[in-house]
Amino acid sequence: MRVPESFTKKIPWMVSLLFILLFVYAAVSKLLDFENFQVQLAQSPLLSAYAGFLAPSIIIIELLVSLLLVIKSIRLIGLYCSLFLMIGFTAYIYLILNYSDFIPCSCGGVIEKMSWTQHLLFNISFTIFALIAILIVELKKHTEPKRIVLQSSIPTFMVVGIIVGLFLSSEHIIKKENSFIRRFDKHPIRNEKVLDLRVNSYYFAGIANGKIYLGNVTAPSILTTVDTSLSIKKAIELEVDNPKHAFRSIQIMVKAPYFYIYDGNVPVIYRGKLGDSIANIISFEDIYFSQLQVIDSTDFVFRAQSSNTKTQVLGALRLNRNPKVSLSNTLLEKQVDGMFDTDGQLLQDNSSGKFVYVYTYRNQVLVMDSELNLSQKLHTIDTISQAQIQVQLLADGVHKMNRPPFEVNKKSTVHNGVLFNESNLMGRFESPNIWREASIIDMYCIDRQEYLGSFYVQNRGKYKMSQMLASNNFLFVLSGNELIRYHFAQSVTQHFENRRSRKPDLKE
């Protein structure tokens, strides 16, 4: 069916109106919350060094382009500017989604509620609208197609080149090259078996009695059991005796013979017996917490925010003691703000009962007993001992990072005295291609300062490892919708067996 010519003539104006609404709304939204917009822009891995200049510039450019689109005689220039802006924004989002280790917050008016993928599709749609409007106007002026292509393609390549150049020169990427050298063992793990879980929302809830327990963030009341041979999978729906709480993010943890259900945003902990489906409240209004580990059926170690200092602290909850809660205010050492700089992962070594805290933004590891007495203060092999973050206090009292956080340690697990830590820092002589295709796991003894070696966990297609869990013989990995079992070689398991008799090869 042929489109009426009268309608075709209106398309450039309708597209211009859409861009005017988009740019004016986005610019005014940024202007009204300029401080927050500047902080969000500074969190970008590509633009952090230029945030002070770009924040006002983007607002001015959006308003100027809107003005060009309003005036009929120069509307075509405005459409070209809109096209190049959307191409630049699209290239930026594509790089963030596919090549950046850090995904910053969305910012700017109508896109703030969108995910980054939705924002990418949104920008592509508006890019197409701009192209259609430009073609209609140019063809009406009888402009040669070759000239239209040149006028569109050359600035497009320039815009994309600038965005890619910013990405390649980003401080966040450059800092991954460090002076330390890893020692990679020969074939330390062997891929043995894969189980398709159908969805990618599972997480490790625990391992006990030859079974792996999985929670599911999209089905928080379901506990899934998989035997360690990855041949039998069962799911059970759990129930709590009082579900009338404003839960935000329910977690399940298994430590035989019990399972525990909790959400640290709500001061409630439920406990149930493995094999049953009912969990009862064992702690109510005792603590708010952000991480939890189980000592035994009535005792816990947690991380929380101190109401006095507003910094993160480690503590213990003992239901049969008075007082129930004790805080260890000196364990997590403040370097910048006491919140972001002390972020990390709280782990437990079930074989020894020790607790391990791996800092995210520095090369430090704390090892503690169940009373939270510090037994070891270790470091990973990289050189980042000070958290390289910058934090800004906004007018509403909220703390926000005003540059991309420089992540040192990512995901960790500990078993039988060995810490398995996914590093985010590239050492000397290491191939960038390997880092794109695999996760690098470093091993450390938690009894003393000793680096034991490293190995790769290959990506599964486009998916990197999301979680790992170690046992005596196997490393279990979640990647995408798959659960993979790797068999440890003797070069790894010897550290489980002989770790107490080996001499350290690193000094603190």
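The values are calculated or read from the model by the stated rules, or taken from the named source; none is laboratory data. Everything numeric in this text was worked out from a predicted model, so none of it was measured. Every residue, glycine as well, gets a Cβ built from its backbone with ideal geometry; the counts of neighbours run over all protein chains shown.
One residue stands out among those in segment 431-448 that are aliphatic (A, V, I, L, M) and not in a strand (DSSP E or B): the one that is farthest from the chain's Cα centre (by Cα), which is ILE446. Tallying residues that are farther than 18 Å from LEU69 by Cβ and either in contact with a Ser or Thr (Cβ under 8 Å, 6 or more places away or on another chain) or surrounded by fewer than 18 Cβ atoms within 10 Å (Cβ to Cβ) (or both) within segment 112-140 yields 12. Across segment 475-496, a minimum of one residue is classified as touching a strand residue (DSSP E or B) at 6+ places or on another chain (Cβ under 9 Å), at pLDDT below 95, aliphatic (A, V, I, L, M) and in the same structural domain as ARG198 (by TED's automatic domain parsing).
Being at pLDDT 90 or above, acidic (Asp, Glu) and closer than 20 Å to PHE474 by Cα: is that true of ASP185 here? Give the steps one after another, and end with the answer.
Values: at pLDDT 90 or above: no; acidic (Asp, Glu): yes; closer than 20 Å to PHE474 by Cα: yes.
So ASP185 does not fit the description; no.
If you scan segment 364-379, which residues turn out to be within 24 Å of the chain's Cα centre (by Cα) and modelled with pLDDT of 95 or more? Lay out the reasoning, then the answer.
We begin by selecting, within segment 364-379, every residue within 24 Å of the chain's Cα centre (by Cα); these are 364-366, 379.
GLN364, VAL365, LEU366, listed by residue number.
For VAL226, state whether it is hydrophobic (A, V, I, L, M, F, W, C), touching a Phe, Trp or Tyr at 6+ places or on another chain (Cβ under 7 Å) and surrounded by 12 or more Cβ atoms within 10 Å (Cβ to Cβ). Answer is no for this residue.
Search segment 406-430 for residues being over 15 Å from the mean Cα position of the chain (by Cα) and outside any strand (DSSP E or B), and hand back the single one that is modelled with the lowest pLDDT.
Start the filter on segment 406-430 by keeping residues that are over 15 Å from the mean Cα position of the chain (by Cα), which leaves 413-421, 425-430.
Pick out the ones that are also outside any strand (DSSP E or B) and you get 416-417, 425, 427-430.
Details: ASN416: 94, GLY417: 95, LEU425: 88, GLY427: 84, ARG428: 73, PHE429: 68, GLU430: 79.
Once the filter is applied, the top-ranked residue is PHE429.
When every residue of segment 169-176 is checked against the conditions, none turns out to be buried (at least 17 other Cβ atoms within 10 Å of the Cβ), within 30 Å of TYR444 (Cβ to Cβ) and either at pLDDT 85 or above or aromatic (Phe, Trp, Tyr) (or both).
Residue-level check: of (1) assigned to a helix (DSSP H, G or I); (2) of a type in the set (Ser, Thr, Tyr); (3) surrounded by fewer than 16 Cβ atoms within 10 Å (Cβ to Cβ), THR143 misses just (1). Of the residues making up segment 449-463, just one is crowded, with 17+ Cβ neighbours inside 10 Å and part of a loop (DSSP other than H, G, I, E, B), namely GLN449.
Condition check for PRO155 on (1) in contact (Cβ under 8 Å) with a residue 60 or more places away in the chain; (2) of a type outside the set (Phe, Trp, Tyr); (3) touching a strand residue (DSSP E or B) at 6+ places or on another chain (Cβ under 6 Å): one failure, at (3). Condition check for THR342 on (1) farther than 17 Å from ASN373 by Cα; (2) assigned to a strand (DSSP E or B); (3) among the hydroxyl-bearing types (Ser, Thr, Tyr): one failure, at (2).
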